[in-house]
Amino acid sequence: GMYISESEGANFWLQVLTHLNNRGLKDILIACTDNLTGFSEAIHSVYPKTDIQLCIVHQIRNSMKYVASKDQKDFMKDLKLVYKADTKDQAETALLDLEEKWGKKYPIVIRSWNDNWDRLSAYFEYTAPIRKLIYTTNAVEGFHRQVRKVTKTKGAFTNDMALLKLVYLATQRIEKKWNAPLQNWGLVVQQLAIKFEGRLELDLATNKMKS
């Protein structure tokens with residue numbers, strides 16, 4: 001769906017999720033978000049069973065903004081041990097090491113990782129192919145960049161509908177490039193069906209999913 005609002009908050013996101021629910025969206029298995037204000041809470045209020053994964057790439061970018069240039073290379077080397085760990089236990093050990101080494105110098109950065117850890121670490125519950133799907137919102141950001149290329153040259157719009165029409169037409173053009181199959185999708189969807197038993201069923205006779 002496409003929605004316009006002057007601000008993003010829990011009430012706005014609740015309206016979006018409610019609208020999707022009313023249109024027939026019965027369930028969301030996993031939601032990857034940029035930790036926008038009120039978004040996770042709105043998701044859980046409508047779809048309480050949804051697993052929420054915060055975008056690791058956005059968390060890294062936001063963290064590095066507050067790390068001095070001279071420390072960024074070493075800090076990033078230590079941070080990779082956290083989000084590229086094989087297991088959640090290994091990641092948490094690396095996070096403790098990160099805090100011990102950098103906590104006094106960059107307390108706000110470390111606190112952000114600790115405060116958001118439950119939702120940053122959700123992807124450790126899944127296998128590597130599924131992790132790749134939910135690790136980041138970069139695919140969405142790529143779509144947004146293409147839309148901005150169209151809208152930023154217009155300067156101003158006479159009304160909201162004029163903006164929506166332009167974005168809709170741009171989306172139709174962008175969608176034509178969405179033809180690459182997801183890597184290892186057959187394996188991934190089987191793992192999802194097992195993980196979310198009863199919420200995602202595979203119909204092998206028709207090669208379709210039921211949810």
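The values are calculated or read from the model by the stated rules, or taken from the named source; none is laboratory data. Note that the structure is a prediction, hence the values are computed from the model and not measured. All Cβ positions, even for glycine, are placed from backbone atoms using ideal geometry, and neighbour counts span all protein chains on display. Heads up: the accessible areas ignore ligands, DNA and RNA and are worked out on the full protein's heavy atoms, side chains in. Shrake-Rupley method; radii C 1.70, N 1.55, O 1.52, S 1.80 Å.
Assorted remarks:
- The residues of region 94-137 present an accessible area of 56 Å² per residue when probed at 1.4 Å with all protein chains retained.
- Charge tally in the Cβ shell below 14 Å around Ile60, where Lys, Arg are +1 and Asp, Glu are -1, Ile60 excluded: +3
- Cα gyration tensor shape of the chain, rounded if a/c is under 1.5, else prolate or oblate by comparing a/b with b/c: oblate
- Each other residue within a Cβ distance under 15 Å of Asp51 adds +1 if Lys or Arg and -1 if Asp or Glu, for a net charge of +1.
- Gyration tensor verdict on region 127-208 (Cα atoms; rounded if a/c is under 1.5, prolate if a/b is larger than b/c, oblate otherwise): prolate
- Charge context of Lys165, other residues only, Cβ under 15 angstrom, K/R +1, D/E -1: +1
- Simple Cβ-charge dipole of region 1-126, Lys/Arg +1 and Asp/Glu -1, about Cα centre, in debye nearest 20: 360
- Computed magnitude of the charge dipole of the chain (debye, nearest 20; Cβ of K, R +1, Cβ of D, E -1): 1020
- Anisotropy class of region 1-54 from Cα gyration tensor, a/c 1.5 cut: oblate
- Counting protein heavy atoms only, region 67-125 has 48 percent of its accessible area on carbon and sulfur, 1.4 angstrom probe.
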